[in-house]
Amino acid sequence: MNALTVLAPADQFQAPSPDELFNSFTPIIPGVDWFTKPVLLAIISMLLVVGVCWAAFANPKVVPRGVQNVVEFGYMFVRDQVARPFLGKDADRWMGLLVSIFFLVLVWNLMGVVPILQFPVASHIAFPIVLAALIYVLKIYLGIKHQGGWGYFKNMMFPPGLPKGIYLLLAPIEFLSNLIIAPFTHAVRLFANMFAGHMLLAFFSMVGFWFLFEKLTPLGAGVGVVGVIMTIIFTAFEIFIQYLQAFLFAMLAAMYIGNSLHAEH
């Protein structure tokens with residue numbers, strides 16, 4: 001008998017599908033279809049970032065302690081590793097935006113490893129798209145404001161010092177790279193990493209749960225233990241990726257703003 005025609009038993013383990021993990025959310029408030037778990041977690045993330053920053057700096061101390069010490073460490077990290085390398089002397093002007101982006105995206109991502117919540121907000125493509133679109137609009141606005149309409153697009157598509165003939169090839173590439181590909185990859189890079197990480201964690205945690213609790217057998221117990229171990233390993237790795245993606249998203253935002261402010265960049 002052809003193995004492809006054999007129907008799997010009803011109680012056979014099945015890996016979670018993307019639709020089950022990312023789209024099967026019932027409205028939290030009946031009749032309000034848009035208010036689902038990802039939206040709620042996004043709102044909680046925003047309130048958490050605002051609350052922590054308020055607690056840290058509402059009454060700052062000369063010698064920081066507790067929450068202020070942690071947030072100041074994050075602030076200095078964004079300032080030294082994100083803002084100053086791309087914005088130079090303009091770094092301090094944009095620290096509020098960049099710190100907010102970094103912490104918001106970080107909390108979005110960390111929601112994926114918080115027990116019970118267990119859903120990274122950025123794994124829903126709408127959220128990275130909206131944030132990347134805001135940076136994209138700001139980038140174009142600042143470029144036109146500081147370089148002029150023609151100057152901004154001229155500096156972008158026709159960098160000086162090259163043979164004129166090469167502009168026939170370079171100009172459309174620069175246009176696509178800066179105005180279409182850059183904002184697309186800005187959003188998709190964050191989304192894809194959170195999407196894939198959530199899928200892996202869901203798969204291994206379900207393997208562990210299924211073979212240790214649902215269908216416990218001598219052989220299945222070994223598979224279940226492997227699933228639990230892999231869940232722990234991938235959780236630690238996912239936390240690192242969540243932090244890294246928040247850093248990269250904020251870094252790209254700083255780079256786009258810097259390119260708009262200074263044509264020589």
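Summary of values
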| item | result |
| --- | --- |
| In region 52-104, the residues that are among the small types (Gly, Ala, Ser), under 20 Å from Ala250 (Cβ atoms) and loosely packed, with under 13 Cβ neighbours inside 10 Å | Gly88, Gly96 |
| Filter result for the condition that a residue is at pLDDT 90 or above, open to solvent by 60 Å² or more (accessible area, probe 1.4 Å), part of a helix (DSSP H, G or I) and not acidic (Asp, Glu), over Ile166, Ile257, Ile180 | Ile180 |
| Residue in region 172-196 that is nearest to Leu106 (Cα to Cα), counting only those that are among the polar types (S, T, N, Q) and in contact with a helix residue (DSSP H, G or I) (Cβ under 8 Å, 6 or more places away or on another chain) | Asn193 |
| Residues (over 18 Å from Phe237 (Cβ atoms) and assigned to a helix (DSSP H, G or I)) located in region 110-125 | Val121 |
| Number of the exception - Trp150 against (1) under 30 Å from Thr231 (Cα atoms); (2) open to solvent by 90 Å² or more (accessible area, probe 1.4 Å); (3) part of a helix (DSSP H, G or I); (4) not polar (S, T, N, Q) | (1) |
| Residue, nearest to Glu238 (Cα to Cα), within region 213-223, restricted to residues that are open to solvent by 50 Å² or more (accessible area, probe 1.4 Å) and part of a helix (DSSP H, G or I) | Val223 |
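The values are calculated or read from the model by the stated rules, or taken from the named source; none is laboratory data. The shown structure was predicted, so the numbers you read here are calculated from the model rather than taken from an experiment. Positions of Cβ are generated from backbone atoms using ideal geometry, with glycine treated the same way; all protein chains shown enter the neighbour counts. Ligands, DNA and RNA are excluded from the accessible area calculation, which covers all protein heavy atoms including side chains. Shrake-Rupley method; radii C 1.70, N 1.55, O 1.52, S 1.80 Å.
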